[in-house]
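No value in this document is a laboratory result; all are computed from the given coordinates. Predicted, not measured: the structure shown is a model, and the values here were computed from it. Virtual Cβ from ideal backbone geometry, glycine too; neighbours counted across all protein chains shown.
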């Protein structure tokens, strides 16, 4: 009788955004070994205990100055050895955070710069936490007055704020000819007044301006050639002074305006800044302009494809991955290598992309178990779709909370950092709870429930739609002192047979007497606490099935 090998690594094949039907791999990935595809269970999570625990909601995870940092519920925390220390407050309590680090030179370098899509902030190496637009950037003398001493000082007052000060120089008549800011102060707002020391016969007048970090910046905060860049939703790209994120000159900007579409996100890619807009993408390079922005646009590289969500953008090594917007074709997942985009999503993935309202989107990239994974969370669809850059396949990953009476939902892995760098230590911050985890190939269960591995095959006729019988079903894979459960459907995933256990510790893990069918799909379910690798399902068929 004919035997048929049924692969256990099917691509996602959802006909709609309904995860309950059609072929899929859940909480596992494909690994090609000696030319053969194997199903491998995904790594598990361990709780990384933080004392006191971080509050919900988690908003971002970062590494700075040899420490791990997290933002949760609007507060920046340093997490060292499992102990949290508050480093900054006042951030938006729900938005995802964008981050950058400057170069390490002399104190107070390096700086950590971040924004919450509302305001920009920095933390310096001495622990100062500063609202960027609360600092004075420039002082300009409009009338030097008369009778001032040859040198003196000035202070600046505002509706709020303190600490901004500087020095001035006056000529022989006592007219102030220059004013130099020596301290930018903090927390300024409202109308600023410059107050010069001395007892002049005619008072000098001067104006002061605050930093020009953009209001309501879009996702991304790239660092390129000593400058930190931020973009607003009008496509205006602002920059700090070289290696000085305390200073954002109001004249140092350039506008991405090849098309009048909305700014969505910005990222560093190779030697470029990539400005993603709603329908277009522009490339900028450091042109070393002496005034204004240092950037210039490579107009020949502009793409007629945009970005649907800035929170989908991830940069890894020499590629960028993002959820693209296409005027005519809806949403796709694209990878940018060089200046050429390539679509990596299939129709099944795009069903979920196009159904999403994009109200809550998370994305991440990490390398583990010899694979590099890009994860995209669409919270409104309750789905996490994971792309394996090595095998070029998509899978679903989930989180089960069965141990605490909860349900199975999208994979709660929303922010990922490797710390220390170039190690296997992957830290995960959960956006919903603020919990921190380690993710490891040596862990085979999640903290609140099993890793529910599920593979559903496509509907197969095995060469004919005529009736055929399945007398044996064998699961080939690693020997394991555990069972998997198998069931099948003959009516397009609407109803299923009862699960039947297959003992993987046997020399021949087999089921008998699986009935007759015309077209059938199978499901394998594993909820155990051990590593799992499966190669193929072998079916023994009779009737007019395909021959060996």
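Take peptides 208-215, 489-496 and line them up by average Cβ neighbours within 10 Å, highest first, as a rough protection proxy.
The densest-packed peptide leads the list: 208-215, 489-496.
With the crude spin-label approximation of a point 7 Å out along Cα→Cβ, what separation in nm comes out for residue 367 versus residue 506?
Placing both labels 7 Å along Cα→Cβ, they lie 4.3 nm apart.
Order these by the 10 Å Cβ neighbour count, fewest first: 419, 462, 352.
Ascending Cβ contact count within 10 Å gives the list 419, 462, 352.
Could you work out the relative contact order of the chain? I mean the mean sequence separation of Cα pairs under 8 Å and 6+ apart, divided by the number of residues, in percent.
In percent, rounded to a whole number, it is 16.
Quick one: what Rg and Dmax do you get for segment 246-341 from the alpha carbons, in Å?
According to the Cα coordinates of segment 246-341, Rg and Dmax are 13.5, 43 Å.
Compute the distribution of all C-alpha to C-alpha distances in segment 67-170, in bins of 10 Å from 0, and list the percent of pairs in each, rounded to whole numbers.
12, 34, 27, 16, 9, 2, 0
May I ask you to compute the full-extension gain from residue 183 to residue 140, defined as 0.36 nm times their residue separation minus their alpha-carbon distance, rounded to one decimal in nm?
Taking residue 183 through residue 140 to full extension adds about 14.0 nm, to one decimal.
Would you kindly give the portion of the calculated P(r) for segment 498-548 that falls above 16 Å, as a percent of all Cα pairs?
53
Over all directions, what mean area does the Cα convex hull of segment 313-359 project, stated in square nanometres?
Hull-based average projected area comes out at 3.7 nm².
If you split all Cα-Cα distances of the chain into 10 Å bins from zero, what percentages do you get per bin, shortest first?
3, 16, 23, 21, 15, 10, 6, 3, 2, 1, 0, 0
According to a simple spin-label model (label point 7 Å from Cα along Cα-to-Cβ), what is the distance in nm between residue 407 and residue 516?
Here the answer is 4.0 nm between the modelled labels.
So what's segment 136-210 giving for Rg/Rh, alpha carbon basis, Kirkwood Rh from the mean inverse pair distance?
With Rh from the inverse mean 1/r over Cα pairs, Rg/Rh is 0.97.
Could you line up 279, 322, 394 from fewest to most neighbouring Cβ atoms inside 10 Å?
Ascending number of Cβ neighbours within 10 Å: 279, 394, 322.
Hey, for a label at residue 162 modelled as a point 7 Å past Cα toward Cβ, could you say which residues of segment 172-192 have their backbone N under 13 Å away?
Under 13 Å, as judged by backbone N against the label point of residue 162, lie 185-188 of segment 172-192.
What ranking, highest mean first, results for peptides 59-65, 478-484 when packing means the other Cβ atoms within 10 Å averaged over each residue?
Descending mean neighbour count gives 59-65, 478-484.
For a quick protection proxy, order the peptides 333-342, 409-418, 507-516, 197-206 by their average other-Cβ count within 10 Å, most packed first.
Ranked by mean Cβ neighbours within 10 Å, highest first: 409-418, 333-342, 197-206, 507-516.
Taking N as the number of residues in segment 371-445, what is its alpha-carbon radius of gyration divided by 2.2 N^0.38 Å?
Ratio of Cα Rg to 2.2 N^0.38 Å: 1.14.
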